[in-house]
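J.: Provided herewith is a single structure, encoded as structure tokens, for subsequent inquiry.
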Amino acid sequence: MTARRPCPPAPGPLEEYAARFDDLFVSLAQRRGFREYVTGLLAPRDRNKTLTCRAGAEPVAGAGSPAVQRLQFFLSESTWDAERVNGRRLELLRERPETAPHEGGVIVIDDSGDRKDGTATAHVGRQWLGRWGKTDNCGVTVTTVWTDGRVYYPLHAVPYTPAHHFRRGRGDPDFRTKPQLSAALAAEGKKAGFPCRAVVADCAYSVSDDWYYTLREAHLPYVVHLKPHRGTWAPADQPHTPVDAARAPAWHDAGHPGDWTPVERHFRDGHSETWWAADATLGGWQPLGPVRLVVATTDPATLPEKATWYLSTNLPHPDAPHAAASPHPPAGLAEVVRLYGLRPWIEQSYKQIKDELGWADFQVRSDRAIRRHQTLVNCAFTFCWDQWFAPPGPLDTTAPDPCPDDRPERGTGYTPPAPTSLLAQGFTLSPFLAHPCHHPATLVAGLDRQGPSG
């Protein structure tokens with residue numbers, strides 16, 4: 001067998017990480033493309049991380065340069081399997097003790113959209129764009145994230161295809177709703193070796209019977225937020241909405257809480273808050289039944305809109321008759337509140353993936369190329385964790401400072417150095433600073449102090 005030709009190394013610690021994927025690429029060009037693409041994603045953001053930016057070329061005039069065309073071919077035409085690359089990334093996360101999953105974490109599911117012009121790009125159409133709070137022309141991707149409040153990282157991602165792309169619309173056998181896609185991804189995460197205490201989701205997923213059915217088939221417990229005013233069948237003299245049900249438990253004040261239990265919530269900035277939680281009854285949701293309605297709030301008297309959760313879960317109550325026979329360990333009120341309190345970590349991951357790593361900055365149209373881009377972004381994200389837990393390496397005092405103190409401001413004609421000069425030893429704590437002499441840190445660290453509750 002002919003020996004493989006050596007690949008030009010990626011800068012600094014990225015080479016050791018990239019080498020772990022080499023056996024998944026059949027050619028030197030693919031191995032080099034992987035290194036160049038991830039390097040470009042990790043470079044400080046002075047402009048959108050399009051192909052020209054990642055290759056260090058001019059935004060428009062440089063589109064035809066060999067470096068840009070090489071990345072374009074690697075993303076769109078080259079023969080490599082994005083699912084195998086993502087599988088290797090997850091394998092590396094499982095193997096490292098600091099990021100290894102365990103039964104106490106959660107799989108959070110969500111979907112996020114980004115505006116895209118035209119109609120030629122796969123999966124693009126007019127649909128709800130949550131980031132902007134309106135309907136617009138955009139592409140939406142359903143994602144899963146594993147987190148325990150200490151670490152968080154993406155597992156899988158799949159673009160959502162709007163119904164108008166199918167011949168028979170929503171009635172087409174190949175059409176899948178976002179809840180259907182998300183439940184399948186959660187099951188795939190469990191199959192890939194990422195156990196969880198529960199699958200956590202917001203109220204957008206609480207209205208899909210297919211979502212519950214898929215999770216039940218995968219033997220996955222869930223904690224999902226209900227729409228506060230969505231009605232359900234019940235006798236006339238009983239509550240009909242989660243808000244109505246939340247008013248039924250007795251409450252006087254903090255000294256005489258009645259049916260409410262204090263729950264202490266701890267946040268990453270060090271402060272804590274006392275919330276109140278109670279099991280409520282609404283239709284088929286019963287405190288000791290197979291599905292529970294748990295209400296958590298800062299004030300049971302007023303149930304403030306932005307600080308009240310209406311949570312449905314199939315985690316049994318500790319006193320439920322079926323608790324011993326349930327496939328899921330029972331959970332008290334504090335545990336249910338803790339699990340849903342981890343949901344904002346998927347929003348936190350979007351800050352790095354979108355605002356720093358260029359998730360929406362792709363310049364390709366095909367489904368395969370889009371999925372590959374998303375896989376490579378997730379590889380860059382995982383490399384950040386790899387470096388976050390790496391021991392400090394030797395400092396290279398001979399390396400030039402790519403960001404000197406007298407650097408001109410953006411927009412004054414300053415041209416940043418090529419991306420490969422920015423990644424020798426560490427990563428930036430802000431989008432404008434990366435120096436090879438710095439202690440290995442990551443893009444993840446930049447927003448860690450502003451993270452949600454733990």
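The values are calculated or read from the model by the stated rules, or taken from the named source; none is laboratory data. Just so it is clear, the structure is predicted and the values come from calculations on it, not from any experiment. We place every Cβ from the backbone using ideal geometry, glycine too, and count neighbours over all the protein chains shown. Surface areas here come from the heavy atoms of the whole protein model, side chains and all, with no ligands, DNA or RNA. Shrake-Rupley method; radii C 1.70, N 1.55, O 1.52, S 1.80 Å.
J.: Using θ = phi - 60° and the Karplus form 6.51 cos²θ - 1.76 cosθ + 1.60, what ³J(HN,Hα) does each residue of the range 127-132 get, whole Hz, x for Gly and Pro?
T.: 7, 5, 10, x, 4, 10
J.: If every alpha-carbon in the range 1-158 counts as one equal scatterer, what log10 I(q)/I(0) does Debye give at q = 0.15, 0.20 1/Å?
T.: -1.09, -1.41
J.: If one takes the longest principal axis of the Cα atoms in the chain, at what angle in degrees, from 0 to 90 and to the nearest 10, does the Cα axis of helix 367-388 lie?
T.: That helix lies at roughly 90 degrees to the long axis.
J.: Relative to the present Cα-Cα distance, how much length would full extension add between residue 63 and residue 298 at 0.36 nm per residue of separation? Walk me through the numbers before you get to the answer.
T.: Numbers: separation 235, 0.36 × 235 = 84.60 nm, distance 5.38 nm.
Stretched fully, the residue 63-residue 298 segment lengthens by 79.2 nm.
J.: Using a 1.4 angstrom probe with every protein chain in place, what is the largest-first accessible-area order of 95, 356, 264, 347?
T.: Values: 95 120, 356 35, 264 95, 347 75 Å².
Putting 95, 356, 264, 347 in descending order of accessible area: 95, 264, 347, 356.
J.: Sequence-distant or interchain residues sharing an amide H contact under 5 Å with residue 258, placed H: which?
T.: Residues meeting the criterion, in which the H sits 1.01 Å from N, are 252.
J.: Related question: Run the numbers for residue 232 and residue 368: contour at 0.36 nm per residue of separation, minus the present Cα-Cα distance, in nm.
T.: 44.8 nm
J.: In deg cm²/dmol and to the nearest 500, what is the mean residue ellipticity at 222 nm of the chain if only DSSP H runs of at least 4 residues count, each as -39500 (n - 2.57), divided by the residue total? Write out the running numbers ahead of the final one.
T.: Working: 12 runs with 125 residues, N = 454.
Per the formula, -8000 deg cm²/dmol.
J.: Separate question: Using only Cα positions of the range 4-67, each an equal point scatterer, no hydration layer, compute I(q)/I(0) via Debye at q = 0.19, 0.22, 0.24 Å⁻¹ and quote the log10 values to two decimals.
T.: Log10 I(q)/I(0), no solvent term: -0.75, -0.92, -1.01.
J.: Another one. Taking 35 Å as R0, compute the FRET efficiency from the Cβ-Cβ separation of residue 98 and residue 126 and round it to 0.05.
T.: On the way: r = 43 Å, r/R0 = 1.22.
That gives a FRET efficiency of 0.25.
J.: On to the next question. In whole Hz, with x marking every Gly and Pro, tabulate ³J(HN,Hα) for the range 286-294 from phi via Karplus 6.51 cos²θ - 1.76 cosθ + 1.60, θ = phi - 60°.
T.: 10, x, 10, x, x, 10, 10, 10, 10
J.: Report relative contact order for the range 200-255 in percent, whole number only (criteria: Cα-Cα under 8 Å, sequence separation at least 6). Let's see the in-between values first.
T.: On the way: 39 pairs, mean separation 15.7, N = 56.
About 28 percent, as a whole number.
J.: Between the alpha-carbon centers of the range 335-387 and the range 106-140, tell me the distance in whole angstrom.
T.: 15
J.: How fast does the range 215-295 diffuse by Stokes-Einstein, in µm²/s, taking the Kirkwood radius from C-alpha pairs at 25 °C and 0.890 mPa s?
T.: Values: Rh = 14.6 Å.
Here the translational diffusion coefficient equals 168 µm²/s.
J.: Right, here's the next one. If you roll a 1.4 Å probe over the chain with all protein chains in place, what percent of the accessible area is carbon or sulfur?
T.: Numbers: 11270 of 20870 Å².
Within the chain, the accessible surface is 54 percent carbon and sulfur.
J.: Still on this structure, please answer the following. What are the semi-axes of the equivalent ellipsoid for the range 191-326, taken as the square roots of 5 times the Cα gyration tensor eigenvalues, largest first, in whole Å? Walk me through the numbers before you get to the answer.
T.: Numbers: eigenvalues 119, 80, 46 Å².
After diagonalising the Cα gyration tensor, the semi-axes are 24, 20, 15 Å.
J.: Kindly express, to the nearest 10 degrees and within the range 0 to 90, the angle between helix 178-191's C-alpha long axis and the longest C-alpha principal axis of the chain.
T.: That helix lies at roughly 80 degrees to the long axis.
J.: Let me ask something else. Report the gain in length on full extension from residue 81 to residue 253: 0.36 nm times residue separation, minus Cα-Cα distance, nm rounded to one decimal. Please list the in-between numbers first.
T.: Working: separation 172, 0.36 × 172 = 61.92 nm, distance 5.90 nm.
Taking residue 81 through residue 253 to full extension adds about 56.0 nm, to one decimal.
J.: Residues with amide H under 5 Å of residue 153's amide H, sequence separation 5 or more or different chain, H placed in the peptide plane at 1.01 Å from N; which?
T.: Correct list: 146.
J.: In square angstrom, rounded to the nearest 10, how much accessible surface does residue 288 have for a 1.4 Å probe?
T.: The value for residue 288 is about 90 Å².
J.: Something else about it: Give the long-range amide H neighbours of residue 131: residues separated by 5 or more places, or on another chain, with amide H under 5 Å away, using H modelled in the peptide plane at 1.01 Å from N.
T.: Counting only residues 5 or more places away or on other chains, the set is 113.
J.: Further, regarding this structure: In percent, how large is the relative contact order of the chain, given Cα pairs closer than 8 Å and 6 or more residues apart?
T.: Values: 845 pairs, mean separation 78.0, N = 454.
Value for the chain: 17 percent.
J.: If I take every Cα pair under 8 Å that is 6 or more residues apart in the range 200-348, average their sequence separation and divide by the length, what percent do I get for the relative contact order?
T.: Details: 266 pairs, mean separation 31.9, N = 149.
Here the relative contact order equals 21 percent.
J.: Report the label-to-label distance for residue 22 and residue 115 in nanometres (one decimal), using points 7 Å from each Cα along the Cα→Cβ vector.
T.: 4.4
J.: Here is a further query. Per the Debye formula with a single identical scatterer at each Cα and no solvent contribution, what log10 I(q)/I(0) holds for the range 256-406 at q = 0.11, 0.12, 0.13 Å⁻¹?
T.: -0.72, -0.79, -0.85
J.: Using the Karplus curve 6.51 cos²θ - 1.76 cosθ + 1.60 with θ = phi - 60°, what ³J(HN,Hα) values do you get for each residue of the range 92-98, in whole Hz, with x for Gly and Pro?
T.: The phi angles translate into 5, 5, 5, 6, 7, x, 5 Hz.
J.: Once both axes come from the Cα atoms, what is the angle between helix 28-42 and the longest principal axis of the chain, in degrees from 0 to 90, rounded to 10?
T.: 60
J.: Taking the Cα atoms of the chain, what is the range of coordinates along each of the three principal axes, in descending order and whole Å?
T.: Here the Cα extents, ordered largest to smallest, are 73, 54, 50 Å.
J.: Same structure, new question: Per residue, how much accessible area does the chain show when a 1.4 Å probe rolls over the protein heavy atoms, in square angstrom? Show your work: numbers first, answer last.
T.: On the way: 20870 Å² over 454 residues.
Ligands and nucleic acids excluded, the result is 46 Å² per residue.
J.: Residue farthest toward the positive end of the dipole of the chain, with Cβ of Lys/Arg at +1 and Asp/Glu at -1: which of 165, 184, 231?
T.: Of the options given, the answer is 165.
J.: Moving on to the next point. Apply the a/c threshold of 1.5 to the C-alpha gyration tensor of the range 30-108 and tell me whether it is rounded, prolate or oblate. Don't skip to the answer; put the middle values down first.
T.: Numbers: a/c = 3.23, a/b = 2.00, b/c = 1.61.
Note, shape of the range 30-108 comes out prolate.
J.: Further question on the same structure: From the gyration tensor of the Cα coordinates in the range 87-161, what semi-axes in whole Å does the equivalent ellipsoid have, largest first, with each one equal to sqrt(5λ)? If you can, show how the numbers build up before the last one.
T.: Working: eigenvalues 196, 37, 12 Å².
Listed largest to smallest, the semi-axes of the range 87-161 are 31, 14, 8 Å.
J.: Rounded to the nearest whole Å³, what is the per residue volume of the convex hull around the Cα atoms of the range 107-239? Display every interim value, and only then the final one.
T.: On the way: hull volume 20.7 nm³, N = 133.
Cα convex hull per residue, to the nearest whole number: 156 Å³.
J.: Same structure again: Count of lysine pairs in the chain with Cα atoms under 16 Å apart, counting only pairs 8 or more residues apart in sequence or on different chains? Mind showing how you got there, number by number?
T.: On the way: 49/116; 49/351; 49/354; 116/134; 116/354; 227/306.
Pairs that pass both the separation and distance tests number 6.
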